[in-house]
Structure formats: structure tokens, C-alpha cells
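The values are calculated or read from the model by the stated rules, or taken from the named source; none is laboratory data. Just so it is clear, the model here is predicted, and its values are computed rather than measured. Every residue, glycine among them, receives a Cβ derived from its backbone with ideal geometry; neighbour counts consider all protein chains shown.
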Amino acid sequence: MTRPELDIAIAWARAEGWNPGLFEADSFFATDPNGFFIGDADGEPVACISGVAYDGAYGFMGFYIVKPEYRGSGHGLRIWNAALDYLGARTIGADGVPAMLAKYETFGFQIAYRNVRYRGFGGGSEPDGLVSLDALSFGDLAAYDAGHVPAPRTTFLEHWVRQRGAVVRIAVEGSRIVGFGMLRVCKDAYKVGPLFADSPGIAANIFTALRANAQGSTIFLDTPEPNAAAVALAKANDMTPAFETSRIYRGPAPDLPLDRIYGVTSFELG
């Protein structure tokens with residue numbers, strides 16, 4: 001894909017009900033400009049996928065969509081194989097919808113855990129004690145982020161936290177970051193992601209601050225189901241399940257600190 005063609009994939013994802021953010025595409029493309037693929041039939045785009053290489057050992061697949069009228073004609077398999085070929089021997093992660101999990105298993109992917117998207121509403125006021133992005137070294141934030149993901153993603157993160165409309169809140173104890181969350185703009189809604197924290201109380205404090213910046217609007221939080229405190233946080237804020245995926249891996253599954261991951265960054269890039 002070229003960068004303008006990624007907007008096609010974003011539009012298709014929105015039509016599928018995946019609700020991507022309005023200003024995320026630049027962050028995605030900057031992470032690996034070679035990791036986005038589009039298939040055409042007689043010059044018409046009919047399929048897309050991403051296979052983003054974070055480093056030499058880990059990659060993530062997403063945006064796997066075939067236009068409805070072209071499904072079942074082999075376009076999906078061809079573009080799927082193109083992404084797999086690009087990522088090669090890397091461990092590959094993805095977030096798969098339930099209807100596709102059996103197919104993914106035939107390609108060597110194994111289910112690691114379930115993610116549940118919770119839907120609620122913004123409101124309330126910000127608590128004291130949190131800081132914004134400008135108050136800290138970006139290097140410190142990148143180092144904290146790297147402790148919660150399978151591979152460092154400095155390029156992605158630098159674009160992600162500075163996308164238009166983003167609200168970033170960080171918890172600090174002394175000179176040490178102990179929590180990090182971000183709110184971003186979607187069509188007629190907001191999403192929280194990521195939300196990383198060293199304790200449930202810190203996670204709740206950051207979520208309260210982000211929720212206050214979405215006054216009266218729909219807000220989504222994608223929780224890893226094994227983190228019981230994350231699920232409890234969503235329910236304590238009167239949020240209800242709206243969507244689900246399963247995190248799947250081909251190759252050795254990373255040992256992630258799920259007890260500190262309260263909100264998935266993105267179903268498209270992990």
C-alpha cells in the first residue's frame with residue numbers, strides 16, 4: 001500500500017464495525033511502511049491486510065478484509081499469504097474475531113487469551129496528581145511502554161501519542177512512571193488505549209482522568225480478559241461488553257505482564 005491507500009483499509013474497517021480512530025493511520029504507516037498490502041482485481045481494490053514488522057523477531061497482522069462481493073474467490077488467501085511471507089519466521093501476533101479463529105488455527109496460530117471491548121460513557125472530573133506528555137521525557141515513556149509489549153515500538157509510539165485529539169495522562173512516583181493511558185478520537189466516540197498501570201488504583205485514576213475528557217460521549221476500553229482488575233474497572237464504570245477478539249500468536253507467545261495491561265493499544269497493531 002501507499003499511505004493514501006491505507007485510508008481505504010481504514011474505511012473498510014469502519015464499515016465492518018471495528019471503529020478505528022480518526023487519526024491513527026499515520027501512526028500505523030510510520031511503524032512499517034512496507035507492512036501494508038492491498039489486492040486489486042482489474043484495477044479495483046478488493047482486499048487488504050497489514051503485516052507490520054516491529055523488529056526482526058516480532059510482527060503483527062491486522063486489517064484483514066475482503067470486500068463482501070469478492071469473498072470466497074481466493075483474494076483473501078492470496079493477500080493473507082503475502083503478509084505471512086513478508087513477516088517470515090518472526091513470531092506473529094493478531095487479534096482475531098471469533099468467526100475467523102478456526103481458520104487462523106490452520107495456519108499455525110494459537111489462542112492466547114480473549115479481549116473484551118467494553119462500552120460506556122464519558123463524564124466526571126479529572127483527579128489530581130497525573131501529568132501530561134509534555135511534563136516527561138519521551139524516552140522514559142517509551143521505556144515504560146516497552147515493558148508491556150512484545151517488541152519496542154518507539155516509532156509507533158511517537159506518532160501515536162501525538163495524533164490529533166489525543167489526551168495522554170501519566171502517573172509518576174518520584175522519577176518513575178507507574179502508569180500510562182491515552183484517549184483518542186473515533187467516529188462519534190472515543191477509545192482508551194493503551195492503559196498500562198502498576199496497580200488497579202493507578203489504572204482507575206488514569207481511566208477517570210481520560211473519561212473526564214470524553215464528556216457525554218461514548219467511550220470504549222478493550223480489556224484483556226485474564227486481567228480481572230481490568231474487567232472490574234470497566235464494570236465499575238458501568239461499561240458493558242460490546243465486541244470481542246482473541247489474541248492469537250504463531251510462534252512462541254510473548255510473556256506479557258497482563259496484570260498491568262488494562263487497555264489494549266489497538267486491535268490493528270497490538
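Structure notes:
- Cross-chain or 6+ apart pairs with Cβ under 7 Å, the stretch 1-29 first and of a type in the set (Gly, Ala, Ser), then surrounded by fewer than 15 Cβ atoms within 10 Å (Cβ to Cβ) and in a helix (DSSP H, G or I): 25/7
- Condition check for residue 265: buried (at least 19 other Cβ atoms within 10 Å of the Cβ), under 17 Å from the mean Cα position of the chain (by Cα), assigned to a strand (DSSP E or B) and in contact (Cβ under 8 Å) with a residue 12 or more places away in the chain: no
- Selection count, the stretch 227-259, where residues are farther than 16 Å from residue 112 by Cβ and under 18 Å from the mean Cα position of the chain (by Cα): 5
- When 185, 168 are screened for being among the aliphatic types (A, V, I, L, M), crowded, with 20+ Cβ neighbours inside 10 Å and over 13 Å from the mean Cα position of the chain (by Cα), only 168 passes.
- Residue 108, sole failed condition from (1) of a type outside the set (D, E, K, R); (2) modelled with pLDDT of 95 or more; (3) assigned to a helix (DSSP H, G or I); (4) farther than 28 Å from residue 182 by Cβ: (3)
- Count - residues of the stretch 135-177 that are in a helix (DSSP H, G or I) and either polar (S, T, N, Q) or modelled with pLDDT of 95 or more (or both): 16
- Only residues that are surrounded by 13 or more Cβ atoms within 10 Å (Cβ to Cβ), part of a loop (DSSP other than H, G, I, E, B) and touching a strand residue (DSSP E or B) at 6+ places or on another chain (Cβ under 7 Å) were counted in the stretch 111-134, giving 2.
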